[in-house]
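Values quoted throughout were computed directly from the atomic coordinates according to the rules given, and no laboratory measurement underlies them. This structure is a prediction, so every number in the text was calculated from the model and none was measured. Virtual Cβ from ideal backbone geometry, glycine too; neighbours counted across all protein chains shown.
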């Protein structure tokens with residue numbers, strides 16, 4: 001099963017993951033890249049769409065609403081993102097301002113007619129997660145703090161020499177209060193650019209989805225698809241690893257279920273995690 005793809009930046013919209021072409025049911029993802037003054041225009045049709053402005057500045061028009069001067073990051077590592085929620089059955093236009101813009105486009109089938117929304121940097125929910133050796137900084141953009149029917153989108157910043165999505169967790173079964181079904185994908189950015197990270201996607205014996213045991217080198221602008229299974233990430237010394245994460249499934253809930261073999265590290269005293 002192929003789980004890693006690469007985004008070759010090109011003007012306009014580049015589709016990267018769809019249910020028709022990839023091993024997923026609910027994820028539809030692509031990138032919009034525009035030079036200054038460039039425009040991308042589309043219809044949401046029966047989908048809700050989350051636009052995450054990765055770098056640059058733009059205006060976004062949703063039907064007759066115009067949102068000006070959005071974004072502004074020179075790099076994804078330069079602070080919190082800006083997002084625009086486009087409801088179903090809406091027309092929208094992205095117009096790049098000075099310096100151009102790069103936008104991630106996350107699309108989910110939807111039934112509800114919700115309002116267009118702008119998630120500004122001050123609206124992003126930021127938190128520090130983990131401990132020594134597995135610390136990262138997580139930003140919820142289209143999280144539970146805003147209205148959406150299905151999508152959950154955010155960013156994780158894993159500093160050099162740390163693990164992320166650790167202890168390994170999954171979300172591929174309905175287990176009452178412990179877990180809900182969500183597919184996920186990651187879009188990677190690496191600092192410095194020539195670096196790399198590692199991602200491991202695996203299942204345990206007895207998984208209803210079958211065996212999965214894939215270790216991958218991930219580089220800048222790689223995309224990994226997580227149809228099921230546990231999916232930790234590692235950043236090597238000297239290189240920071242960022243990933244945009246996009247989740248979609250039948251229910252809009254976050255209930256990651258840790259691999260019991262590694263869950264102890266969350267609560268172990270610091271001295272128990274240091275070895276000679």
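Here the contact order of the chain, divided by its residue count and restricted to Cα pairs under 8 Å and six or more residues apart, works out to 19 percent. Relative protection proxy for 171-184, 220-233, from highest mean packing down: 220-233, 171-184 (other beta-carbon atoms within 10 angstrom). Modelled this way, with points 7 Å down the Cα-to-C-beta line, the labels at residue 137 and residue 253 are 3.2 nm from one another. Taking a point 7 Å out from the Cα of residue 75 in the direction of its Cβ, the residues of the stretch 21-56 whose backbone N falls within less than 17 Å of it are 54-56. Annotation: extensible slack from residue 123 through residue 68 equals 18.1 nm (criterion: 0.36 nm per residue apart, minus Cα-Cα distance). Specify the inter-centroid distance of the stretch 153-205 and the stretch 122-144, based on alpha-carbon positions, in whole Å. Comparing the Cα centres of the stretch 153-205 and the stretch 122-144, I get a distance of 13 Å. On the principal axes of its alpha carbon atoms, the chain extends 60, 39, 33 Å, with the longest extent given first.
Protection proxy ranking of 190-201, 147-158, by the mean of other Cβ atoms within 10 Å over each peptide's residues and highest first, is 147-158, 190-201. With Rh defined as the Kirkwood radius, the inverse of the mean 1/r over Cα pairs, the Rg/Rh of the stretch 131-251 is 0.97.
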